[in-house]
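Asks: One structure, as structure tokens, below. Some questions next.
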Amino acid sequence: MKKYWVDLKISLANNLEYRGQLFVWFLNEFVGLVSTIFIWTAIFRTNTSVGTYNFQSIISYFILIPLIGAFTGVFVSDYFPRKIKNGEISSDIVKPYSVTGLIFVDTVSVKITQFTIKVPIYLVAGYLLANYFRLELYFTHLLEAMFVCIFSFLLHFFIDLAISYSAFWFQEVWSLGLLISVIITVFGGLAFPLDLVPEGVRTLFSFLPFRFIFYFPIKIAQGQVPPEMILKEFFQMLVWIGVFFLLCRLLWKNGLKKYGAYGN
Amino acid sequence: MVYNWWVMAVVEVNNLKKYYKVHQKEEGVAGSLKALFSRKYTDVKAVDDISFNLDEGELVGFIGPNGAGKTTTLKCLSGLLYPSAGEVTVLGYKPFDRKTNFLKQISIIMGQKNQLWWDLPAIETFNLNKEIYEVPTKQYQETLSQLTDMLEVKNLLKVQVRKLSLGERMKMELIAGVIHSPKVFFLDEPTIGLDVIMQKKLRQFIKDYNQKYKATIILTSHYMDDVKELCKRVILIDKGRLVFDNGLDELIHKVANHKLLTIALDKPVDMSQLEELGEVVEYSYPKVVLKIKREDIIDQSTKAIQSLQVSDITVEEPKIEDVIREVFTGKDAA
């Protein structure tokens, strides 16, 4: 295990080399949040409610997205498929460690880096915005959501990793990565709360794993999921994590037989 | 399987094949559009039925033109590629199984690929490799000290990798590759792009490592100097097939059926006189180089001394570069 610990420390040191990138991450989310607030403020000028949401609850939903995203966002498919295609994973394959374990550690290190920078800013900004918009957010619900987020992160990680490992078969996995990001934006609850869609579509969403990445923890943070429902959904989430974990193992094992180790 | 070096070869390759399916795309936009709907694939035989064994401590040169299958073979031996057919065992393991005990005892260095963390000093990668390979601290410190002395990079350990020169980076790659003292070491073009002095230093390092650790090393290189200085045995591979596997001297004897007679003349002579002795490779007074069949070399040398006014005469084997070119092109070595 010590090898993964040392890798985590080195990976952290490496991330800190990219301070500029950290700032751009932050700016990107800030601009996104401000424009979403503008859009919903405009919508509520002529409406008092949209579906089951009033102005306060919709704003709190979108303010929670970057905070939850700091836990559940995963970006393995942004770089790993290219590494497979260019043969850059060769030096990892010939080393006595688990490549999946290594990617996990590296992803965790990115999370820690983002955390140390983002979370304090988000908490302060969230507090100020909550006061300004008179939002009702409770610490206990936030804590529950944080706990669930650990598993949302695991699920997102294995979904993204499965996409990445499919690069062994599809040389151009870029479009697949884009497709999954569109799916998560829509089916995960990033673009809009999933309970705004009609009943039939909502049933379809409930068969898919994507809602656990954003929508489910946000609703818990808002205090809108009853405890027995949390437990039921949580169990389902664990099953999905297991499914994608096994899928990743299968893809890795068989993908290596397809690996071309090109580029040299 | 338990590996016993006294009964088994360190590397055993039997009828190894590695075929690729390659998409044949026609040129231009029209070709790209056509490829959207139907694609033609052809099989490329990168490695086609080769067999050889290597014993402990052997340092073997793997030689062939570009695309001959050298690197593909190394990748199959290190577990990077899954063979299409045939059997490979290294230290008693099937490389593709990637067993921890196997991976701990091997290393592969590919000249243009790096395992070093680009934005961090090389020492960070070495420390990480120490943990990955579970090298005891004392052994790690001793090995690191020896290697950095040998390659003269002690003062560069804390410099970010991206700020190192190509040669310095290659040295660091070598250290990262051998910090765990591998028993089998695959080196793919380790001296590529380096200047002559640096090439010499790396060669010395490989030689010392081989002798000190009794490591089995396979080296591919385009530089004949690497092979000449390091390898007693060479394996020639062309179009995926093994064409020669024996000592360097045997290669010269087998392929080149002639020797080179170099004469320094005291007085200019007619070309026809020289042609009576053998094939004239070079004549620029006072130097003459003649190509003469092995069995005739003594007679023709004696004849040259008797019939010409010579101040010096030497008999040499043809250059290894020329012999190898002869193998691959079918043209006579000069």
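Asks: What is the interface area between chains B and A, defined as buried accessible area summed over both chains with a 1.4 Å probe, reported in Å² to the nearest 100?
Replies: The summed interface area works out to 2800 Å².
Asks: Using the alpha-carbon centroid of each, what span in Å lies between the range B:97-162 and the range A:60-132?
Replies: Answer, in whole Å: 27.
Asks: Taking every DSSP beta bridge that has both residues in the protein assembly as shown, what percent is antiparallel when rounded to the nearest 5?
Replies: Percentage antiparallel, nearest 5: 70.
Asks: Please report, ordered by residue number, every helix of chain A (full DSSP H runs) that is 30 Å or longer along its axis going by C-alpha atoms and whose mean Kyte-Doolittle hydropathy reaches -1.0.
Replies: Once both thresholds are applied, what remains is A:19-46, A:99-132, A:139-165, A:227-258.
Asks: Figure the gain on full extension for residue B:254 and residue B:281 (residue separation times 0.36 nm, minus the Cα-Cα span) and round it to one decimal in nm.
Replies: 7.7 nm
Asks: Over the range A:2-261, what is the relative contact order in whole percent, taking alpha-carbon pairs under 8 Å and six or more residues apart?
Replies: Here the relative contact order equals 28 percent.
Asks: Taking the simple approach of a point 7 Å from Cα along Cα-to-Cβ for both residue B:23 and residue A:206, what is their distance in nm?
Replies: 4.2
Asks: Given points 7 Å out from each Cα along the Cα-Cβ axis, report the residue A:140 to residue B:162 separation in nanometres with one decimal.
Replies: Between residue A:140 and residue B:162, the label points sit 4.9 nm apart.
Asks: Also, I was wondering about something else. Gain in length, residue A:121 to residue A:17, computed as 0.36 nm per residue apart minus the alpha-carbon separation, to one decimal in nm?
Replies: 35.4 nm
Asks: Filter the GluC sites (Glu not before Pro) in the range B:47-132 to those in DSSP coil with at most 16 other Cβ atoms within 10 Å of their Cβ, and list the result.
Replies: Passing both the DSSP loop test and the Cβ count: B:56.
Asks: Next up: Taking a spot 7 Å from the Cα of residue B:87 along the direction of its beta carbon, which residues of the range B:170-202 have an amide N less than 17 Å from it?
Replies: It comes to no residues whatsoever.
Asks: From the P(r) of the range A:2-261, could you give the percentage of C-alpha pairs in the tail past 34 Å?
Replies: Taking all Cα-Cα pairs of the range A:2-261, the fraction more than 34 Å apart is 21 percent.
Asks: How high is the relative contact order of chain B? Use alpha-carbon pairs under 8 Å, at least six apart in sequence, and give a whole percent.
Replies: Here the relative contact order equals 18 percent.
Asks: Right, another one. Only sites in a loop by DSSP and with at most 14 other Cβ atoms within 10 Å count here; which GluC sites (Glu not before Pro) in the range B:142-188 make the cut?
Replies: Passing both the DSSP loop test and the Cβ count: B:152.
Asks: Follow-up. Please report Rg over Rh for chain B, where both radii come from the alpha carbon positions and Rh follows the Kirkwood definition.
Replies: With Rh from the inverse mean 1/r over Cα pairs, Rg/Rh is 1.07.
Asks: Next up: At 1.4 Å probe size, with the rest of the protein present, what percent of the exposed accessible area of the protein assembly as shown is carbon and sulfur atoms?
Replies: The computed percentage sits at 59.
Asks: Using a 10 angstrom Cβ neighbour count of at most 16 plus a DSSP loop assignment to flag exposed trypsin sites (Lys or Arg not before Pro), which longest range of chain B is free of such sites?
Replies: Here the longest segment lacking exposed loop sites spans B:240-318.
Asks: If you don't mind, another one. Which shape class, rounded, prolate or oblate, goes with the range B:1-137 when its Cα gyration tensor gives a ≥ b ≥ c as root eigenvalues, a/c under 1.5 marks rounded, and past that a/b bigger than b/c marks prolate?
Replies: Oblate.
Asks: Separate question: Which of the chymotrypsin sites (Phe, Trp or Tyr not before Pro) found in the range B:92-130 are loop residues per DSSP with 13 or fewer other Cβ atoms within 10 Å of their Cβ?
Replies: Hits after loop and neighbour filter: B:118.
Asks: Okay, moving on. Using 7 Å Cα-to-Cβ label points, what is the residue B:311/residue A:49 separation (nm, one decimal)?
Replies: 11.3
Asks: Additional query: Let's test the formula: R0 of 25 Å, r as the Cβ-Cβ distance of residue B:119 and residue A:2. What FRET efficiency results, to the nearest 0.05?
Replies: 0.65
Asks: Let me ask something additional. Does the range B:257-316 come out rounded, prolate or oblate by the C-alpha gyration tensor, with a ≥ b ≥ c the root eigenvalues, rounded set by a/c under 1.5 and, if not, prolate when a/b is larger than b/c and oblate if not?
Replies: Prolate shape, in that a/c is at least 1.5 and a/b is the bigger ratio.
Asks: How big, in percent, is the set of alpha carbon pairs in the protein assembly as shown lying more than 49 Å apart?
Replies: Beyond 49 Å sits 32 percent of the P(r) for the protein assembly as shown.
Asks: Further question: Once the piece of chain linking residue A:27 and residue A:56 is laid out straight, how much longer is it, given 0.36 nm per residue of separation minus the C-alpha distance between them?
Replies: Roughly 8.1 nm would be gained on extension.
Asks: When ligands, DNA and RNA are left out and all protein chains stay put, how many square angstrom of accessible area per residue does the range A:2-261 have with a 1.4 Å probe?
Replies: 49
Asks: Using alpha-carbon pairs under 8 Å, 6+ residues apart, how would you state the relative contact order of the range B:257-316 in percent?
Replies: Once normalised by length, the contact order is 51 percent.
Asks: Determine the residues within the range B:76-94 where the difference in accessible area between the chain on its own and the full set of protein chains amounts to at least 20 Å²; count protein heavy atoms only and use a 1.4 Å probe.
Replies: Flagged in the range B:76-94: B:80, B:81, B:82.
The values are calculated or read from the model by the stated rules, or taken from the named source; none is laboratory data. Computed from a predicted structure; not experimentally measured. Note: ideal-geometry Cβ built from the backbone for every residue, glycine included; neighbour counts use all protein chains shown. For the accessible areas, the whole protein counts, side chains as well, though only heavy atoms, and no ligand, DNA or RNA atoms are used. Shrake-Rupley method; radii C 1.70, N 1.55, O 1.52, S 1.80 Å.
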